[in-house]
Amino acid sequence: MSDAHQTAFQEALRRAPSRPGCYLFYDVHGEVLYVGKAKNLRNRVQVYRRDGADGRMRFAELLQQADRAEFRVTDTEMEAVLLEDRLVKLHQPPLNVLLKDDKSFLLVHLDTRHPWPRLGLARRRRRGSGEFFGPYPNSGAARRAKRLLQKAFGLRDCSDHTLANRRRPCLKHEVGLCSAPCVGRVSEDDYRDALDGAREVLSGRVQERLRAEEERMHAASENLEYEIALRARDRMRALQALAAPQRVRLDADRDFDVLGIDERGHFALLEYRDGDWVGTRHGRVPVVEAPAEMVSELLPALYRGGQEVPPEILVPALPEEREAIRGWLRERAGRAVGLHAPARGEKRALVRLAESNARARQGEVGRAPWPTVAARIAERVHLPSPAVVDCIDVSHLQGKERVASKVRFVEGKPDRASYRRYIVGSGEGNDDFAAMHEIVQRVLRRRGDDGLADLIVLDGGKGQLSAGLAAAQEEGVAAPPLIALAKARKGRGPVAAEERLFLPGRSEPVILEPRTPERLFFERIRDEAHRFAITHHRRRRENLRLVLEQVPGIGPARRSALLDWCEGDLRRLRDGDREELLALPGMTADLIDSLQAHLFEVLP
C-alpha cells in the first residue's frame, strides 16, 4: 500500500464514530478483507492504528492489505451482532472466521411420516419431515453412526417407492442391516421398539440401551432362545461401537459446548450432549487478537446457519459485547443461553481440555489465503511471490502409452482454460527424464500462447529438474522458474519421510513440513496434474478400445493383448507383421485379416 493510502486509511480509523456498529476493511480492488463489530467503533478500531508489530499473527498482513475503512452504525450492540452475521455471509471476507454452514454438516434423520419410519442422513432440518439428530463433526462420523444404528436396530433406509415394490428381502437384510419391513419380516410393534431404541441412542442414552440389551440377551439365553440372544449380542456390539467416540462422560446429564483457543488462534469446540462428549469442531481465527475479542468473533461464526445452540456455552473469556451475543444466541435457540467464562473447578478444567485440543490440531485447518501461501512459497524457492503456477506431470502404463499434462493455478485457483495435454514421443520405456525434457521444451516453445508462469513445478526429483533445465537452455530461456517436487517416500530420516523441493543450483532438497500452507498447495497442484494426465490416458485408451470393439471376434482379452503390443498406436496393428500378430494370445489369420481391413478403413 502506498504512503498516501496508508495515511488515508489511518485517518479513517481516527474518525470512526463512537457508536455501536460494524467496520469493513477493503483492499485496493474494492474487495472486503475483514468485517468486525464493536460496542464502540472508535475505541475498537484504535488497535488497528498500531504498526502490526505487537506479535499478534496476521495483523501486519491485514494492515498491509487494507486500503480503506467503512463504518456502519447501529442503535444497539445486538443489532451490530446481527449486522456482522449478515455482512460476513454476504462478502465472505478472507480474514474472518469462515466456517461451513449447516449444509456441510450431516444430520441423522428419522423420517416418521411413513408407517415404517426411515433412517437416513440430511443436510438441513426440514419442519414436518421427522426428527433430526446432530450435526455430526464430519460426514464420516454421521455415516458411521447411521451404519451402526442399522446394525443395532434394523431400521430401513430404502426409499418409500422401493419399500412398496419389493417382493423379497434385499441384501441388507441378509447381512443384518435391515429387518425387512417391506416383506413383513418384522411386526409393527417390534419396529416401533427399534425406532425408540434408535431415538435413545441418538439422544445420547447409549448406556441405558446397552443395559436393556444385556438383560434381553441373558433372558433369552436362560430360555434357550439363542437366536434372540445372538441378535441382542450383535446389537450390544454395535451400540458399544457407537459409544466409543464419547471419550468423556460427566456425572451431570446436560447439554453444553466448551470453546478453547490457543495462543496462535487455533480453536476447538467440544460438544457435550447428555453429559457425553459427542464431537469436536476445529478451526482457526485468521486475525489473532485478545481471547475475549476472538470469542466475540467466533461465537456468531460457530452458531450461524443450522448449527444447534446448546443451553450453555463455556468460553475462555467473556467479550465486551457479551449481552448482545447472549441476545443473538437466545434468538437463534428460542430460549435463554448461558455464556460463562469459568475461573475454577470442573468447568475451568473443561476449558483447559478444549485448549489442549486446539493446540493438538495446529495446522490441520483449511487453506490459507493466497497472499500468505505465495509469500511462503517465495521464501522456500527464493523467487518473487508467484501469481501463476504451472505443474507438469508425465504418466504412463508400464512404460507404454505415455502422456503428459500441464495444469495452471492462478492465485491458488485452477485456470482450466490453460490446462494442456501432450502425447510423449521421445525416450523409451520408463525414461521419465527424456519425457520431461520433451514436455518442458514444448511448453517453453509455446510460451507465447499462454505466457510463461511465474513458477513451473515438475513432478519428480533431481533428474526431472536437470532434464527441464537442459530443455530451457536449448530453447534459450534464461533462468526459467523451474523447481521439482518429489513425493514423500519411505525410508530413514526426515528427508526420506517428507515432501521435498529440488531447486536449481542446490544439491540438498528443501523439506516441506506437514500441513504447512505451501506443502498443501504443492500437493494439490501435483494431484491435479496427475489426475488430468491419467484422465487423458484412460480416455485415449478407451477410444482405442472402442475402435477394436467394432471388429467381430475381438473380445476383452484380445483387445488388451493387442493394445499392449501396439503401445497405443493402432497404426502399428494396421501395418504390423502378421507373424508377430499371430504369436499373440487368441489371434488367428482370419481375425488379423478382419482387424487390419477395419483399421485401413477407419485410420487416416
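Rule-based calculations on the coordinates, nothing more; no lab input. All of these numbers come straight from a predicted model, not from anything done at the bench. Using ideal geometry, Cβ is built from the backbone for each residue, glycine included, and neighbour counts are taken over all protein chains shown.
Show me the ranking of peptides 184-195, 463-474 by mean Cβ neighbours inside 10 Å, starting with the highest.
In descending order of packing, they fall as 463-474, 184-195.
Want the number for LEU582 to GLU549: 0.36 nm per residue separation, take away the alpha-carbon distance, what's left?
That pair, LEU582 and GLU549, stretches by 10.0 nm at full extension.
Using Cα pairs closer than 8 Å and at least 6 residues apart in sequence, work out the relative contact order for region 550-602, in percent.
42 percent
Near HIS382, within a Cβ-to-Cβ distance under 14 Å, what is the net charge of the other residues, with Lys and Arg +1 and Asp and Glu -1?
-1
Return, ordered by residue number, the residues of region 176-199 whose backbone nitrogen is under 15 Å from a label point located 7 Å along Cα→Cβ of LEU230.
Zone members listed by number: 176-177.
Label region 103-243 by shape, choosing from rounded, prolate and oblate, from the square roots a ≥ b ≥ c of the eigenvalues of the Cα gyration tensor; if a/c is under 1.5 it is rounded, and otherwise prolate applies when a/b is larger than b/c, oblate when it is not.
Since a/c reaches 1.5 but b/c is at least a/b, the shape of region 103-243 is classed as oblate.
What spacing in nm lies between the two simple spin-label points modelled at ALA292 and ALA8, each 7 Å away from Cα in the Cβ direction?
The two pseudo-label positions are separated by 3.5 nm.
Pulled fully out, how much extra length does the chain show between ARG237 and ALA470, if you take 0.36 nm times their separation in residues and subtract their Cα-Cα distance?
Roughly 77.6 nm would be gained on extension.
Take every DSSP beta bridge whose two residues both sit in region 256-360, then give the antiparallel share in percent to the nearest 5.
If I count the DSSP bridges inside region 256-360, around 75 percent turn out antiparallel.
Within a 10 angstrom radius of the beta carbon, how do GLU222, GLU289, GLU475 rank from fewest other beta carbons to most?
GLU222, GLU475, GLU289
Among all the aspartates and glutamates, which ones have a C-alpha under 14 Å from LYS172's C-alpha, if same-chain residues fewer than 8 places away are not counted?
Straight-line reach from LYS172, under 14 Å: ASP157.
How would LEU482, LEU350 line up from fewest to most surrounding beta-carbon atoms within 10 angstrom?
LEU350, LEU482
Around ARG68, which amide H atoms from residues at least 5 apart in sequence, or from another chain, sit under 5 Å from its own amide H, with H modelled in the peptide plane?
Result for ARG68 returns TYR26.
What ³J(HN,Hα) values, in whole Hz, does the Karplus curve 6.51 cos²θ - 1.76 cosθ + 1.60 give for region 110-123 when θ = phi - 60°, with x put for Gly and Pro?
Once rounded to whole Hz, the list reads 9, 7, 9, 7, 9, x, 10, x, 10, 9, x, 10, 9, 9.
Label LYS413 and ALA589 with points 7 Å out from Cα along Cα→Cβ: what is the distance between them in nm?
The two pseudo-label positions are separated by 6.5 nm.
What does the charge add up to near SER129, with Lys and Arg as +1, Asp and Glu as -1, over the other residues with Cβ less than 11 Å from its Cβ?
Around SER129, the charge tally is +4.
From the cross-link list LYS151/LYS347; LYS146/LYS487; LYS413/LYS487; LYS89/LYS413, which pairs have alpha carbons spaced over 26 Å apart?
LYS151/LYS347; LYS146/LYS487
Simple spin-label model, 7 Å along Cα-to-Cβ: GLU214 to GLU331 in nm?
4.8 nm
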